[in-house]
Amino acid sequence: MSVETILFLLIIGIAAGILSGLFGVGGGIVIVPSLLAVYAFNHFDSPYIVHIAIATSLFTIIFTSISSAHKHFGHGNVEWKAALYIGLSSAVTVFLFSKIAILLPGEVLKHTFSVVLIIVALKMLFDKKGKLNEREKSQPENFSPWISLGIGTLSGAIAAFSGLGGGVFVIPLMHYLMKVPFKRAIGTSSAAILITAVAGVISYFINSPAGAVNIPYSFGMVDTLSALPVIAASIPFARVGVYINKKTDHYLLTKLFAVFIIVVSLKLIFF
């Protein structure tokens, strides 16, 4: 691997880490296309190249989300019961859908999710400050396990087909359906994504077709060599993202997140 490639992957890790800590997402939105660019630059060709990028993205998300969730927990922004329900249900879904994703492109599913995400983002973007402030003050004592399971199931499907951690779906649904304060939804998403990513990596490892990957030091469909620089940079910068999250007003953070998921959705539709 060239020095230029390593530096590029380190930069991607920095971006992924900040996004993870700031918005509670895994960072796959920048990792997957960046890996595809690396493979194209290095003339790596495989019918499973997109799947390799997704599996590798999920692998890096494991470490990024540990760093992010740990820091969010320190600020009291992780609801472990909700994270467990969402994480486990998404783990089951991503495990099952990863096998389907290897066989199918999954374009229809990604486009459907993208349209739904845009609708949710627009609602969030145009929410009045008074309503957001009222929702931020709510402190629910009990989370609905059924809503949590539904949210986890949807986020797992997104993770399997796109390499995203699923946070773009988890956070707005927790915020609107479960009345969870926005920053707490972000912290909880960081913890839930960890479980989702682990299940995705295991599934891509088990379901990897024979001879699908000929990259050195890879296992299953995970390109370990490319993942290491991303992980090395994303772990410390996830904590930087959490720090920015803590210092940012929740109203502004909500608007920034809405713009972010619109960008993510448009990327899934057109790229």
### Task
Enumerate the pairs (first residue in the range 247-271 and on the phi < 0 side of the Ramachandran plot and among the charged types (D, E, K, R); second residue anywhere and crowded, with 17+ Cβ neighbours inside 10 Å and part of a loop (DSSP other than H, G, I, E, B)) with beta-carbon separation below 9 Å, excluding pairs fewer than 6 apart on the same chain, so at least 6 apart or on different chains.
Lys255/Asp127
### Task
Have a look at Ser2, Ser34 and point out the one that is within 15 Å of Ala227 (Cα to Cα), touching a helix residue (DSSP H, G or I) at 6+ places or on another chain (Cβ under 8 Å) and polar (S, T, N, Q).
Ser34
### Summary
Taking the range 53-66 and keeping residues buried (at least 23 other Cβ atoms within 10 Å of the Cβ) and under 17 Å from Val25 (Cβ atoms) leaves Ala53, Ile54, Thr56, Ser57, Leu58, Phe59, Thr60, Ile61, Thr64, Ser65
### Task
Would you check which residues across the range 5-40 are of a type in the set (Phe, Trp, Tyr) and within 15 Å of the chain's Cα centre (by Cα) and list them?
Phe23
### Query
Considering Ile62, Ile151, which residue is within 15 Å of the chain's Cα centre (by Cα), of a type in the set (Val, Ile, Thr), over 22 Å from Ser265 (Cβ atoms) and modelled with pLDDT of 75 or more?
Ile62
## Note on the structure
Selection over the range 220-236 where residues are hydroxyl-bearing (Ser, Thr, Tyr) and surrounded by fewer than 20 Cβ atoms within 10 Å (Cβ to Cβ) yields a count of 1
#### Entry: Check on Tyr217, closer than 28 Å to Val78 by Cα, touching a helix residue (DSSP H, G or I) at 6+ places or on another chain (Cβ under 9 Å), modelled with pLDDT under 90 and surrounded by fewer than 23 Cβ atoms within 10 Å (Cβ to Cβ)
no
### Message
Ile171 - would you say it is part of a helix (DSSP H, G or I), at pLDDT below 90 and either in contact with a helix residue (DSSP H, G or I) (Cβ under 6 Å, 6 or more places away or on another chain) or not polar (S, T, N, Q) (or both)?
### Response
yes
### Message
Name the residue that is nearest to the chain's Cα centre (by Cα), counting only residues in the range 65-76 that are of a type outside the set (Val, Ile, Thr) and closer than 23 Å to Pro33 by Cα.
### Response
Ser65
### Message
Taking the criterion of being of a type outside the set (A, V, I, L, M), out of contact with any Leu (no Cβ under 7 Å at 6 or more places or on another chain) and farther than 28 Å from Phe73 by Cα, would at least one residue in the range 226-241 satisfy it?
### Response
no
### Message
Suppose we filter Lys81, Lys110, Lys71, Lys131 for residues that are modelled with pLDDT of 65 or more, surrounded by fewer than 21 Cβ atoms within 10 Å (Cβ to Cβ), charged (D, E, K, R) and part of a helix (DSSP H, G or I); which single one remains?
### Response
Lys81
### Message
If a residue must be modelled with pLDDT under 90 and either assigned to a helix (DSSP H, G or I) or within 25 Å of Val201 (Cβ to Cβ) (or both), how many such residues does the range 227-271 contain?
### Response
25
### Query
When you scan the range 178-219, how many residues do you find that are of a type in the set (Val, Ile, Thr) and over 23 Å from Ile29 (Cα atoms)?
2
### Task
Output the residues belonging to the range 256-271 that are surrounded by fewer than 18 Cβ atoms within 10 Å (Cβ to Cβ) and of a type outside the set (Phe, Trp, Tyr).
Leu256, Val259, Val263, Leu266, Lys267, Ile269
### Summary
Within the range 175-214, of all residues that are of a type in the set (S, T, N, Q) and either under 29 Å from Asn77 (Cβ atoms) or surrounded by 22 or more Cβ atoms within 10 Å (Cβ to Cβ) (or both), the one farthest from the chain's Cα centre (by Cα) is Ser203
### Query
Picking from Ser2, Ser46, which residue would you name as being under 21 Å from Gly200 (Cα atoms), surrounded by fewer than 24 Cβ atoms within 10 Å (Cβ to Cβ), over 19 Å from the mean Cα position of the chain (by Cα) and of a type in the set (Gly, Ala, Ser)?
Ser46
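The values are calculated or read from the model by the stated rules, or taken from the named source; none is laboratory data. For clarity, every value in this text was computed on a predicted model and none was experimentally measured. As a convention, Cβ positions derive from the backbone with ideal geometry for all residues, glycine included, and neighbour counts pool all protein chains shown.
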